[in-house]
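Before any comments, here is the structure.
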Amino acid sequence: CKMPIISPVANEIPLFKDNGGATALSPVEGTVPQNKEGLLPEENMPKTTEEYTALYEASKAVTTSPLDPKNVAKDIERGKKMYEQTCSACHGLNGDGQGPIVQSGAYSGVPAYKDRAITVGTIHYVITNGRNLMGSYAGQLTPADRWRVAMYVMSAFKADAVAPVAAADATTTQTNTK
C-alpha cells in the first residue's frame, strides 16, 4: 500500500483551514509587526509609474541609514559582503559597472557609482524596487541588509558624500507597543 506524499489531513487543522491552508499567522491586531532587525516592514511599495517616480525623488533626501549608528563598522562590513555576493556580478567589485555579466556582453549600461548623483536613500530604494533594467532585490536581501549595502556603496564608492548613518542622538527607537 503506497502512502500519499501529502497527508489528506494536513490542511484540516482548524487554524490552518481558517487561514486558507497558510501555516504562518498574521500579526495580532493592534501590534506593529517587525523583523529581527527592528525595522518596520516596507508596505509603501509603488503601484504606478507616478508613485515610483515620486518615491524615488523623495528617497534622494534620505542621507542617513535608520540602522543603529553604534554598529556602523559592522554594518558596512556586512554590506560589503552582501554587495560582493549580490551586486558585483553586474556593478563590479569596484562599483564601476563592469562586473562579469557586463563584461560577458549579456548586459550593458550598468552605471558606475562615481558618475551618479546618489544617496544612501536612493541606493536602498533601487535595491528594494529596481530601476531601469535592474529588478528588485527585496527578495534576496533583508530590509536591514539593503541598508547595509547602501551604506557600503556610499562609503566605498562615494566617500566624499554625506555620512551614511545618522548621529546617535538623532535616531529614534521603534517599539511594538500601542
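The values are calculated or read from the model by the stated rules, or taken from the named source; none is laboratory data. Note that the structure is predicted; figures quoted are calculated from it, not measured. Positions of Cβ are generated from backbone atoms using ideal geometry, with glycine treated the same way; all protein chains shown enter the neighbour counts. Heads up: the accessible areas ignore ligands, DNA and RNA and are worked out on the full protein's heavy atoms, side chains in. Shrake-Rupley method; radii C 1.70, N 1.55, O 1.52, S 1.80 Å.
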> Tell me, what ³J(HN,Hα) does each residue in segment 100-110 have, in order and in whole Hz, if you take phi through Karplus 6.51 cos²θ - 1.76 cosθ + 1.60 with θ = phi - 60° and put x for Gly and Pro?
Replying inline: x, 5, 5, 5, 6, x, 5, 9, 9, x, 6
> When the label point is put 7 Å from the Cα of Ser104 along its Cα-to-beta-carbon vector, which residues of segment 110-152 have a backbone N closer than 17 Å?
Replying inline: 110, 134-135
> Per-residue accessible area for Ser104 at 1.4 Å probe radius, Å² rounded to 10?
Replying inline: 80
> Using modelled backbone amide H atoms (1.01 Å from N, in-plane), which distant-in-sequence or interchain residues come within less than 5 Å of Gln140's amide H?
Replying inline: none
>> Using amide H atoms built in the peptide plane, which far-off residues or other-chain residues are under 5 Å from Ser65 H to H?
In response: Val165, Ala166
> Among Tyr107, Tyr137, what's the order by accessible area (1.4 angstrom probe), most exposed first?
Replying inline: Tyr107, Tyr137
>> Using the basic label-point model (7 angstrom from Cα toward the beta carbon), what is the Arg116 to Met134 distance in nanometres?
In response: 0.3
